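Here the structure is laid out as structure tokens; the discussion comes afterwards.
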Amino acid sequence: MYFKVAICDDEKAALEYISQAIQPLFANLRHTVSVDCFSRSQQLLEVLQSGSKYHMYFLDIEMPSVNGIELGDFINRYHQDSLYNIIYISNRLEKVFDTFRVAPLRFIRKQYFYEEIQEAVSASISYIIQNTKDMISFETENGLLSLPLQNILYIESNNKSQLVVTAQNTYTVLSSLNKLEADLADRGFIRIHRCYLLNYCHIYLIQQDCVLLDNHTSIPISKKRRKEVKEAFLFFSLS
């Protein structure tokens, strides 16, 4: 599998030894990796704002301008529906609890870097590979879009294109609803209306004329499909 990695540390020597340490770890696990190094957090922010994304972020905490925790907050908001991991590398052990709000995968102590980096890389790779199995890809005007299935609330028909709706975003994909229904039939998506395909795991309540989702969204349900929808919901819930 191919991974993109970003390293951000204001010490250039740290950038070099982190990069040199992690690349053989990917190779040993038979994965390909490309590494981008940033000596200023602002540089990484600008690259992300231009549309780039990475699978893994190795971040220092104490950096001028934007510190590692603030940077982690931005990465979390920026990625939203994407798969990624944040790993902090720092000697500032008193900052461990401050990083909890960012929910990093690991906190590596610089003085024990070589003892801890291998496990962190292996855990990050395993997390992404495992969750990739639960991803779905869509064609868009801007290329291929991959989303975790659990993030999708519903898909709404929009003429020749379809709207894939998550809690954070709405994406326009190039497909028919019938094709998406066929592709997702065994993955927990239920056709409740000629214009709507719902992810069963977000269904909160099936009513007479609508389905309520766990984010309080109400979606109309076709009367002729109501029995079929209830049966499908029970099937996926008990699977």
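Go through region 132-185 and count every residue that is β-branched (Val, Ile, Thr) and surrounded by 17 or more Cβ atoms within 10 Å (Cβ to Cβ).
The initial filter retains those residues of region 132-185 that are β-branched (Val, Ile, Thr), namely 132, 136, 140, 152, 155, 164-166, 170, 172-173.
Narrowing further to those that are surrounded by 17 or more Cβ atoms within 10 Å (Cβ to Cβ): 136, 152, 155, 164-166, 173.
Residues flagged as β-branched (Val, Ile, Thr) and surrounded by 17 or more Cβ atoms within 10 Å (Cβ to Cβ) within region 132-185 amount to 7.
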Per-region count, region 80-91, residues in contact with a Lys or Arg (Cβ under 6 Å, 6 or more places away or on another chain) and open to solvent by 40 Å² or more (accessible area, probe 1.4 Å): 1
Qualifying residue in region 223-235 (condition: in contact with a Cys (Cβ under 8 Å, 6 or more places away or on another chain) and among the β-branched types (Val, Ile, Thr)): no
Cβ-Cβ under 8 Å pairs, at least 6 apart or on other chains, region 139-151 side under 20 Å from Leu198 (Cα atoms), far side charged (D, E, K, R) and in a strand (DSSP E or B): Leu145/Glu139
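Just to be sure before I move on: is Arg101 of a type in the set (D, E, K, R), buried (at least 16 other Cβ atoms within 10 Å of the Cβ) and within 18 Å of the chain's Cα centre (by Cα) in the structure I sent? Walk me through it before giving the result.
Working: of a type in the set (D, E, K, R): yes; buried (at least 16 other Cβ atoms within 10 Å of the Cβ): no; within 18 Å of the chain's Cα centre (by Cα): yes.
Taking the combined requirement at face value, the residue does not satisfy it.
Which of the strands (runs of 3 or more DSSP E) found entirely inside region 1-79 contain at least 2 residues meeting this: without any contact (Cβ under 8 Å) to a residue 40 or more places away in the chain, surrounded by 14 or more Cβ atoms within 10 Å (Cβ to Cβ) and at negative phi?
Details: elements: 2-8, 32-38, 56-59.
Of the strands (runs of 3 or more DSSP E) lying wholly inside region 1-79, those with at least 2 residues that are without any contact (Cβ under 8 Å) to a residue 40 or more places away in the chain, surrounded by 14 or more Cβ atoms within 10 Å (Cβ to Cβ) and at negative phi span 32-38.
If we scan region 108-117, do we find a residue that is basic (Lys, Arg) and under 22 Å from Phe3 (Cβ atoms)?
Filtering region 108-117 down to residues basic (Lys, Arg) leaves 109-110.
Checking which are under 22 Å from Phe3 (Cβ atoms) leaves us with none.
Within region 108-117 (the criterion being basic (Lys, Arg) and under 22 Å from Phe3 (Cβ atoms)), the answer is no, since none of the residues qualifies.
The values are calculated or read from the model by the stated rules, or taken from the named source; none is laboratory data. Every value quoted in this text rests on a predicted model; they were computed, and no experiment measured them. Note that each Cβ is placed from the backbone with ideal geometry, even for glycine, and that neighbours are counted across all protein chains shown. These accessible areas exclude ligands, DNA and RNA; they are computed on the full protein's heavy atoms, side chains included. Shrake-Rupley method; radii C 1.70, N 1.55, O 1.52, S 1.80 Å.
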